[in-house]
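Enquirer: Structure incoming, see below.
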Amino acid sequence: MTLLTLRDGDPFIYMKVGIHAKEPLADIIKRKREEIANAGVSFWGYGGATCHPLTAVRPFVKEMNSQGATIVRLLMQEINSQHFAEQVRADSYSSNGTDWMEIPAPINVLGSRYALVLSSLDEVDLKLALADTKVGVGRLAGTQGSEYIKGRVDKACLVFSPGGNTAASRY
C-alpha cells in the first residue's frame, strides 16, 4: 500500500465503489490491473450524471489544466453496493460523443455507460475528510465536498481545500 498525500488545490475525481454488475470490487480491481498489464490502460466504468464526461469531467479537467494543475487521481471509497445489473460488455467508446471506436479486446467495460481511462490502479493509504474538499465544476462549484457527497450522490470532481471551505468560493 502506498501513502498518498494531497496538497491544497490538488484536483481529483472521487467515486464510491463496490459490487458492480454482480462483480465484487476485489474481482474488478484484479481484472482492471490485468487489463493495464495487457493493454497499458483500463477503462474504469461508471454511470450517473454527477460526473458526466462531457458536462462535468471534461470541463473540470479543462479548468484545472488552465490553472496549471493536472488531474492524475481517481480516489475511490469502498462502500456496500447493491449494483446487480447484468454484465453487458460495451463494445465501443467515444471521447466526444460523436466519433466511436471499438474497445480493445483486452479491456472490458461491464454494465457501465461512461468510463475513465486509467494507466495504473494502486491501493493507497489516505484518510480524506470530504469537508476538506470543494466541488470543482458546475453550478455547485465551491460547495464543500461533504455537503455534496451525501444521499445518492456517489461521485464528484473535487479539489482538495483543507480549512476555509465556503460555498462562496468558486473554482
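The values are calculated or read from the model by the stated rules, or taken from the named source; none is laboratory data. Just so you know, these numbers come straight off a predicted model, no measurement behind them. Note that we place each Cβ from the backbone using ideal geometry, even for glycine, and neighbour counts take in every protein chain shown.
Enquirer: Among the numbered criteria (1) of a type in the set (Phe, Trp, Tyr); (2) out of contact with any Pro (no Cβ under 7 Å at 6 or more places or on another chain); (3) closer than 24 Å to PRO11 by Cα, which single criterion is violated by TYR93?
Expert: TYR93 satisfies every listed condition except (3).
Enquirer: Another question about this same structure. Just to verify a result, which residue in the stretch 35-60, among those that are without any contact (Cβ under 8 Å) to a residue 40 or more places away in the chain and part of a helix (DSSP H, G or I), is nearest to ARG152 (Cα to Cα)?
Expert: Taking the candidates together, the pick is ARG58.
Enquirer: For the stretch 144-158, indicate whether the set of residues that are modelled with pLDDT of 95 or more, more than 18 Å from the chain's Cα centre (by Cα) and of a type in the set (A, V, I, L, M) is non-empty.
Expert: no
Enquirer: Considering only residues of the stretch 80-125 that are β-branched (Val, Ile, Thr) and in a strand (DSSP E or B), which is farthest from ALA21 (Cα to Cα)?
Expert: VAL124
Here is a yes/no grid of residues against (1) of a type in the set (Lys, Arg); (2) touching an Asp or Glu at 6+ places or on another chain (Cβ under 8 Å); (3) closer than 21 Å to GLY145 by Cα:
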{"residue": "HIS52", "(1), (2), (3)": "no, no, yes"}
{"residue": "ARG73", "(1), (2), (3)": "yes, yes, yes"}
{"residue": "SER81", "(1), (2), (3)": "no, no, yes"}
{"residue": "PHE84", "(1), (2), (3)": "no, no, no"}
{"residue": "GLN87", "(1), (2), (3)": "no, yes, no"}
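Enquirer: Related question: Check the stretch 11-22 and report whether any residue there is more than 23 Å from GLY151 (Cα to Cα) and either touching a helix residue (DSSP H, G or I) at 6+ places or on another chain (Cβ under 7 Å) or in contact (Cβ under 8 Å) with a residue 60 or more places away in the chain (or both).
Expert: Within the stretch 11-22, not a single residue is more than 23 Å from GLY151 (Cα to Cα) and either touching a helix residue (DSSP H, G or I) at 6+ places or on another chain (Cβ under 7 Å) or in contact (Cβ under 8 Å) with a residue 60 or more places away in the chain (or both).
Enquirer: Tell me, which residue of the stretch 10-34 that is loosely packed, with under 14 Cβ neighbours inside 10 Å and in a loop (DSSP other than H, G, I, E, B) is modelled with the lowest pLDDT?
Expert: LYS22
Enquirer: Using the structure shown, decide if TYR93 is over 16 Å from the mean Cα position of the chain (by Cα) and not aliphatic (A, V, I, L, M).
Expert: Considered against the rule, which asks whether it is over 16 Å from the mean Cα position of the chain (by Cα) and not aliphatic (A, V, I, L, M), TYR93 comes out as yes.
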